[in-house]
Amino acid sequence: MSEFEQIPQSLSYWQDVRARFFANKISILGLVMLVLLIFIGIIGPFISGWKYDELGPDILSAPFQKGHWFGTDDLGRDLFTRVTYGIRLSLTVAIIVTIISVFVGVTLGGLAGYFGGWIDTLISRFIDTWQVIPFVLIGFAIITVFGSSFWVIVAALVFTGWYSTTRLFRASVMQVKSLEYVEAARATGATTKRIILRHIGPNAIPPIIVVLAFSVAGAILSESVYAFLGVGFREPTPSLGVMISGSRNFLTEKPFVFFIPGSVLVLLTLSIVLIGDGLRDALDPKLRGVK
Amino acid sequence: MSQPLLHIDDLYVHFNTSDGVVQAINGASLTLNPGEIVGLVGESGSGKSVTAMSILGLVPKPPAIYPKGRILWKGIDLLTTPDRELREIRGGEISMIFQDPMTSLNPVYTIGHQISEMIRVHSRISAKTAKLRSIEMLDLVGMPNPAQRIDDYPHQFSGGMRQRAMIAMALSCSPELLIADEPTTALDVTIQAQILEILEKSARELNVSVLLITHDLGVVAGICDRVAVMYGGRIVEEAPVDDLFERPLMPYTWGLMRSIPQMDKVSTKRLYTIPGSPPVMSRPPKGCAFAPRCEFVIDRCHTEVPQLIEYAPHRMVRCHRVSEPDFIAVLA
Amino acid sequence: MFTYTIKRLLQSLIVVWAAVTLMFALFFIIPGDPISLKSGEKSLPPGILANITAKYGLDQPTYVQYFRFWGHLFKGDLGYSYKNDKSVNTILHDGLSTSARLLFWGALLQLIIALTVGLTSAIKRGSLGDRIGTIFTVGIQGIPVFVSGLLAQYLFGVLPFQMHWDWLNFFKPWPQSWTAGVIPTDSWKGIILPALVVAVVDAAFIARMLRSSLLEVLRADYIRTAFAKGLSARRVWFHHALRNAMIPVVTVYGTSLIAIFGVAVQTEKVFSLPGMGSTIADSALSQDAPVVLGLAIVVIAFGAVVNLVVDLSYALIDPRIKIDSKAVH
Amino acid sequence: MSEPLLKVVNLEKKFPIQRGFLKRTVGQIHAVDGVSFEIGHGETLGLVGESGCGKSTTARLILRLLDPTSGEIFFNGKEIHTLSRQEIRKERKDMQIVFQDPYASLNPRMTIRQIVAEPLIVHGLANDDADPAVDEMIELCGLSREFGNRYPHEFSGGQRQRVGIARALITRPKLVVLDEPVSALDVSVQAQILNLLDDLREKFDFSYLFVAHDLSVVSHISTRVAVMYLGKIVEIGSREEIFDNPHHPYTKALISAVPLANPKQERIRKTTRIVLTGDVPSPANPPSGCRFRTRCWKAQEVCATSEPALLKIGNSYVACHFPEM
């Protein structure tokens, strides 16, 4: 049968996704950037020879002088050590926040999407309400009431991020649920568990992965914004937002104090956004088979 | 004999895609005379819609490229006509209706606005006159209460009524040719009967030529004067409608006609089947596009593309074996 | 359209009520302690303590406080600061004009940038400009507003000052002692830089959205119909494609107008503008709950109005919405 | 005569129309309204009608993919309408469905072999997709077993529909519901699938419920035909009776509207063709009495006031006050 000869080599969905992700130069750039930043974040504190809160005699010394690769801040602390700690802190907080947000999103979104009815109405209206509150206000409110400890900040970030994951997962489940192959699976006599695990789950996951990436980037940004405004982490915690906030007074004379943590923060979020963008294209079933 | 209205001359249309070059049309030729209703029949991917859209220059370039061929409209090559002149021909001399009346009308404007817009682009008349003309056209295609319904939006109409509005719009500037691309495929059979009746009646009344593109041989049999069959990007057979159905000469046409279940000859006999699937046009067969599925294939079919030859007056066929008397006897 | 407007208005009121209640609950589950704010660390005699508690109504049960709170709200009274004796209305009044100017220009610039970039990159899709635009619009999403604000100060203040590029300097006269960028906001040139910073982040996002929405609409059947009618490309683009492409964009623009407040807070801090945003951030910092709550209510109400306007303009763009709602009644 | 395989009595399905902020129910769509029919062993019932007539809903109700609002379904001696979700799940071994869209009805993350094996695994008839019965069924449906490890997107529409048929038949069901199985396919491929269905019926002796809008296809495959209009069966009878001697005006108009691939005959048919006026009314607000009366050329006053019952005329059952004889 000659018609079968035209069929190209068979790839599973994930093989195909991987191939398409790695065919995209920009997403590879993002991945390389992120890996480098994580690597620096892990080893940096061990190789710099300074502690992040260690006050030194050299105040605002320029990069590559007196044993400070990135120079020192106004208290003489080593910027390289602080920035590498900053990467660790940003990523740790962002990953914890994302895990909790996705957990909340998958649970609430899944409930609303799969069962519909009054559960869906309730959850959807709650999200509508939540949406008219600008995200900084939620953080302000929580931090006003509870102060700014690590877990309060995490909670504030979850409260700013949960509804977008919920909304997206709800839409995703509803879309997959209405697909004909799910009905086909029901028609074969498959159990609800099997339908969720084999048919709905695997097909609702791709959008979650994209949300995951953007949620991490969003949490890093929000954390730094809270820190910058003084309602997040505070001195001497080496958050990138704290460092940038402290650099404002030296913008004229010692701009590197701003540019170093600033560019690290930008590169960190940018690399994740680029990966997320690449993932979105690679996971899009409409683009499947397109090289 | 007078000049043909439309003459498509050895047209090639290719698409540059990420999957390679898709050779949608590989040398299609077709002639249309004034007042004629011609059917262009083919399955999905045969290139029939691309041919139709190429006439009006509606295929986006890129990805489309035109390596070869001409589309002569009253002697002018539409492929090289500058955009400004082409725009006057579009809608003014040649107009088109599409398969899906649900999506072919802009959802944010009223039907009246969309018809008047077309009229006013092609003639210098006032908005008021254009509106009156729109109502007149809707009345012609059998829309009830056209004066009121003209201010309704497309989503307030049924599929059949939208297709009527599309026909009214297409005929509003008195074109000489109407291209109908699968005009009834998305409609129910009782609505299809309405639309075909209106299409034929208004075309004959206004003396408009029609190029009717469809996959349904029944639709073609009902209203066409002449039929061209397309397969794998080429016209494989062209004949007056009675001749084609009575005595198909190309194995594809022959097979197609025997593979459709016939309601008037109720029988549980097995249908004739053409094996395999239509060709993938990014990797078309080297010789005759139908060769891999053909029951009567000979070696030459795989290596050499047959020419479209005039087998008898007005009967064009593209098949290597058409000159063998025995072969013709088998098909009959 | 009238019934639709009324229905949407009622919905907005319910949402505002719910959001304000949510904020109220957050603040008064664990009431902020005005006493310690007023007195510092000193312990007060019980009589004075009771007076202060009564002044802020904190001796009442929560539901009484809640109803009083709404009662005051209806009279337009947003409460009193714990920290100083100013009313929240006065505090609001002080910051409102600066913030309003910033947000107005920011939102306007945002729309202009988004439309220009989105449209041109869709029309010239695949061109070098489009590709640069795409990289730029993706990249900008990775830059927090306070960083771009400081960067703007450096590029349009510090650098021109040091290099004597006066034409590029937005900060004339150069401040005697540079702390944060103090910018003369009363001039047109003064507000444009912070407004640009406010505008640019979401403008990039909306531009991307508009681009993909336009490209999708251009594949629609009715666009093909429009070309087949003999319309010019310009007419098809602006009359037929743009209006349909705006339908999803309007929603995003609405959310971005709500989020713009968060952007404004950062911008005001970076440029040391005396607006509502800085006030609310500082009040949060000093745990001055009534001020945060009072200003938050104003912001939420603003957000609800924006949502309402967006929904109504949505109905104006897309006739399917208002007509469907009419069909039900 | 023995018990029929499937017996449907007075089947009804109403869908609520929900609107607004709190999703209030503002009306009902009466998709299926009192449908009764039987399918005998080895028989093929064609269910025809235009879009929105309720034919696909009927098919889903029989399989309990949708729960009926009221009515009874007897299948293979069991009362399907009373079964719990657990019990109906087991019953699906004996009643299967093939869907219209061969692109949407196959899970893109599963290989052909996994898709075809799923019903066996679900019903505990096989442990995994390595079961020889799977490859056998794949080949029986005209696909090569080497392609069992491939994914649906690599196949053409006709090939995917073969996969859908293989999945439906692997448990050797007694009843197979075919919901527009060939309407998404090209003409030349459609014949292949129709022949395959014919062959399989001969080999395994199932009953088919063949749902379609295309009368030519239905006339080819069915032994009996039921015609639906706006949620009701207007005529049901043997294939020959329906096509040679239709009694209901709607059936007559429907048959007359189909264009035949025969120019000479078409020219004659065109002069006598019954072209119905107007559109099908909304199922949310159907006409009183006979639902077809708004488009019927024979409608009288009585058609608006009283609903015609399905009565025996000749060898068919017809719901009309003024049937054609």
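The values are calculated or read from the model by the stated rules, or taken from the named source; none is laboratory data. Since this is a predicted model, take the numbers as computed values, not measurements. Here the Cβ positions follow ideal geometry from the backbone for every residue, glycine too, while neighbour counts run over all protein chains shown. The protein model used for the area step is the full one, side chains on, heavy atoms only, and it has no ligands, DNA or RNA in it. Shrake-Rupley method; radii C 1.70, N 1.55, O 1.52, S 1.80 Å.
With respect to A:Ile38, determine if the residue is assigned to a helix (DSSP H, G or I), open to solvent by less than 90 Å² (accessible area, probe 1.4 Å), at pLDDT 75 or above and more than 16 Å from A:Gly278 (Cβ to Cβ).
yes
Working only within the range B:295-320, note down all residues that are open to solvent by less than 50 Å² (accessible area, probe 1.4 Å) and within 18 Å of B:Arg247 (Cβ to Cβ).
Matches in the range B:295-320: B:Phe296, B:Leu308, B:Ala312, B:Arg315, B:Met316, B:Val317, B:Arg318, B:Cys319.
Considering only the range D:198-220, state which residues are part of a helix (DSSP H, G or I), touching a strand residue (DSSP E or B) at 6+ places or on another chain (Cβ under 7 Å) and not charged (D, E, K, R).
D:Leu215, D:Val218
Look through D:Val211, D:Val177 and report the one residue that is more than 13 Å from chain B (Cβ to nearest Cβ), at pLDDT 90 or above, under 24 Å from B:His215 (Cα atoms) and within 18 Å of the chain's Cα centre (by Cα).
Only one candidate qualifies: D:Val211.
Restricting to the range C:282-298, give me the number of residues that are at the interface with chain A (Cβ under 7 Å from one of its Cβ atoms), touching a Leu at 6+ places or on another chain (Cβ under 9 Å) and surrounded by 24 or more Cβ atoms within 10 Å (Cβ to Cβ).
3
Tell me which of these A:Ile143 doesn't satisfy, since it passes every other one: (1) open to solvent by less than 10 Å² (accessible area, probe 1.4 Å); (2) within 14 Å of chain C (Cβ to nearest Cβ); (3) farther than 30 Å from C:Val310 by Cα; (4) in a loop (DSSP other than H, G, I, E, B).
A:Ile143 satisfies all of (1) open to solvent by less than 10 Å² (accessible area, probe 1.4 Å); (2) within 14 Å of chain C (Cβ to nearest Cβ); (3) farther than 30 Å from C:Val310 by Cα; (4) in a loop (DSSP other than H, G, I, E, B) except (4).
Right, D:Ile115: within 22 Å of D:Ala184 (Cβ to Cβ), open to solvent by less than 30 Å² (accessible area, probe 1.4 Å), within 12 Å of chain A (Cβ to nearest Cβ) and not in a strand (DSSP E or B) or not?
yes
If you take the residues of the range D:66-88 that are free of Cβ contacts under 8 Å to residues at least 24 places away in the same chain and over 22 Å from D:Gly231 (Cα atoms), which of them is surrounded by the most Cβ atoms within 10 Å (Cβ to Cβ)?
D:Leu83
Would you mind stating whether C:Gly230 is closer than 30 Å to A:Arg248 by Cβ, open to solvent by less than 10 Å² (accessible area, probe 1.4 Å) and either more than 14 Å from chain B (Cβ to nearest Cβ) or small (Gly, Ala, Ser) (or both)?
no
Looking for something within 9 Å of chain D (Cβ to nearest Cβ), within 26 Å of B:Arg133 (Cα to Cα) and assigned to a helix (DSSP H, G or I) - is there at least one such residue anywhere in the range B:160-174?
yes
Which residue out of A:Leu279, A:Leu274, A:Leu229 is within 11 Å of another protein chain (Cβ to nearest Cβ) and farther than 19 Å from C:Gln153 by Cβ?
Unique residue meeting the criteria: A:Leu274.
Within the range C:263-293, take every residue that is among the small types (Gly, Ala, Ser) and either out of contact with any Phe, Trp or Tyr (no Cβ under 9 Å at 6 or more places or on another chain) or without any contact (Cβ under 8 Å) to a residue 24 or more places away in the chain (or both) and give me the one that is nearest to C:Thr98 (Cα to Cα).
Here the residue is C:Gly275.
Scan the range A:187-199 for residues that are surrounded by 22 or more Cβ atoms within 10 Å (Cβ to Cβ) and out of contact with any Ser or Thr (no Cβ under 9 Å at 6 or more places or on another chain) and jot them down.
The answer is A:Ala187, A:Ala190, A:His199.
How many of the residues in the range A:106-122 are exposed (fewer than 15 other Cβ atoms within 10 Å of the Cβ) and of a type in the set (A, V, I, L, M)?
Count: 2.
Would you mind telling me which numbered condition in (1) over 20 Å from A:Phe140 (Cα atoms); (2) in a helix (DSSP H, G or I) A:Thr252 fails?
That leaves (2) as the condition not met.
A quick yes/no check of all residues on (1) surrounded by fewer than 14 Cβ atoms within 10 Å (Cβ to Cβ); (2) within 21 Å of D:Glu240 (Cα to Cα); (3) away from chain B (no Cβ under 14 Å); (4) in contact with a Pro (Cβ under 6 Å, 6 or more places away or on another chain):
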site: D:Leu260; (1), (2), (3), (4): no, yes, no, no
site: D:Lys264; (1), (2), (3), (4): yes, no, no, no
site: D:Phe292; (1), (2), (3), (4): no, no, no, no
site: D:Met325; (1), (2), (3), (4): yes, yes, yes, no
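Give the range B:86-108 a look and list any residue that's outside any loop (DSSP other than H, G, I, E, B) and at the interface with chain C (Cβ under 7 Å from one of its Cβ atoms), or say none.
Correct list: B:Arg87, B:Glu88, B:Arg90, B:Ser95, B:Met96.
Across the range B:256-294, which residue is most open to solvent (accessible area, probe 1.4 Å) among those that are part of a helix (DSSP H, G or I) and basic (Lys, Arg)?
B:Arg258
Would a scan of the range A:73-88 turn up a residue that is modelled with pLDDT of 85 or more, farther than 30 Å from A:Thr252 by Cβ, part of a helix (DSSP H, G or I) and among the β-branched types (Val, Ile, Thr)?
Checked the range A:73-88: no residue is modelled with pLDDT of 85 or more, farther than 30 Å from A:Thr252 by Cβ, part of a helix (DSSP H, G or I) and among the β-branched types (Val, Ile, Thr).
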